[in-house]
Amino acid sequence: MPTEPNTLIDAHGRQVDYIRLSITDRCDFRCTYCMGEDVSFLSRDEVLSLEECARIVKTFVALGVSKVRITGGEPLVRKNAIWLFEEIGQLAGVRELVTTTNGSQLAHQALALKAAGVKRINISLDSLNAERFKKITRVGDLAKVLGGIAAAKQVSFENIKLNTVLMRGINDDETLDLVRFAIEQKIDISFIEEMPIGAVDHARDSSFVSNTETLATLQQHFPLVSSALNTGGPARYWQVTDTQTKVGFISPHSHNFCEACNRVRITCKGELYLCLGQDDKIELMPILRAHPHDDEPLKQAIIESMKIKPKGHDFDLKRAAPAVVRFMSHTGG
Ligand code: SAM
Ligand code: SF4
């Protein structure tokens, strides 16, 4: 039997203790910055089964991973997704089970997620104007998402955070309103800089709003105190004084977060991507399917993958072609 370490350390000395698993590339929305309008989805046999997803997560957890984020596509449109959350929620090594959702299914799934052990939930919200919301998501219904946020509040997750991608001339005039909404709702909000992941219908460099600019706008209207909160991710947080709201900034462009990167991503096809902004990957699906009753080869492949985790991403908005051609819905945000 080969001996293996029980922690994942990459060639740059960073420990990987966080995985983000996309359980579907499908989505009930078509956000303009995330996917093309005529996106085609994978067929069922190209996608990991939920049992295979559970095997992957268990193997990573046996290797010291303690935080698991389930994402997509829209994770909650996958049939029986709750079963997977329950399986992961029962693993002793999992300190944090979290998910990122567009909120459309939360009204009827929030309770089951909470019961499965989900502690924190991120809900994407790019506009509070129903017409504009529909334009950005191409099909989404704002009322449904607001109902989902209300349901999430009702079941009392430890933390609820909105995720907002600001785009110039599209929704950047809502920066203050979105923060006011978060304050009213007593929840957090993070601004994610738009990333050039996948080719979309607009020029990324003309829609890009830097978080430096967003922070400066907010500082003119809200008393913000830099927060010591560190969630182990690229976000930097500011507390809005005398409120329960923290404002986070996820800034791959204006702040390079790679030196402290602690995560890897697994797509719904079982591709293990070592960096969101690079193409280095290994394929886990063939290993899983060749060894249906033995997780050892999977474990060894994951340990080996640490050797090729890149030092950092390579985003450049001005490049004619995107740095990474896959969509965020494919890799999992
Ligand atoms: N469907 C879920 C949702 O929208 O929250 C989960 C998957 S989505 C890919 C995860 C996050 O990625 C969302 O907050 C979304 O706004 C963000 N996202 C998608 N494409 C992006 C891009 N090109 N740049 C920055 N953020 C992006
Ligand atoms: Fe779907 Fe989320 Fe992408 Fe929007 S950002 S299209 S909700 S996967």
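The values are calculated or read from the model by the stated rules, or taken from the named source; none is laboratory data. Predicted model only: the values in this text are computed from it and were never measured. With ideal geometry, Cβ positions are generated from the backbone for all residues, glycine too; neighbour counts draw on all protein chains shown. Remember, those area values only see protein heavy atoms, side chains included, never the ligands or the DNA or RNA. Shrake-Rupley method; radii C 1.70, N 1.55, O 1.52, S 1.80 Å.
Surface composition of the range 110-254: carbon plus sulfur atoms contribute 50% of the solvent-accessible area (1.4 Å probe, protein chains only, all chains present). Residue ranking by accessible heavy-atom surface, 1.4 Å probe, largest first, among H12, H293 comes out as H293, H12. Using a probe of 1.4 Å on the protein chains alone, the accessible area found for E184 is around 130 Å². The magnitude of the dipole of the range 144-233, with charges of +1 and -1 set on the Cβ of Lys/Arg and Asp/Glu and taken from the Cα centre, is near 340 debye. Pairs exceeding 29 Å between alpha-carbon atoms, taken from K135/K161; K58/K114; K79/K114; K58/K311; K67/K135; K153/K311: K67/K135; K153/K311. Rounding to the nearest 10 and keeping the result within 0 to 90°, find how far the Cα-based axis of helix 175-185 lies from the longest principal axis of the chain. Compared with the principal axis, the helix lies near 80 degrees. Note that the range 157-252 presents 42 Å² accessible area per residue, ligands and nucleic acids not counted, probe 1.4 Å. In straight-distance terms, cross-link reach from K186 covers every one of the aspartates and glutamates whose alpha-carbon lies under 13 Å from its own, apart from those fewer than eight places away in the same chain; here that gives E158, D242. Relative to the longest principal axis of the Cα atoms of the chain, the long axis of helix 106-116 lies at roughly 40 degrees. Probing with 1.4 Å while keeping every protein chain in the model, the per residue accessible area of the range 1-132 equals 41 Å². Using the average count of surrounding beta-carbon atoms within 10 Å as a protection proxy, the listed peptides 259-266, 239-246 rank, highest first, as 259-266, 239-246. Treating the angle as unsigned and between 0 and 90°, give the value, to the nearest 10°, between the Cα long axis of helix 296-305 and the longest Cα principal axis of the chain. Long axis of 296-305 versus the principal axis of the chain: about 50 degrees. When shorter helices are ignored and each DSSP H run of at least 4 residues is given -39500 (n - 2.57), the per-residue value for the chain at 222 nm works out to -8500 deg cm²/dmol. Remark: the chain carries a charge dipole of roughly 420 debye about the Cα centre, counting +1 on each Lys and Arg Cβ and -1 on each Asp and Glu Cβ.
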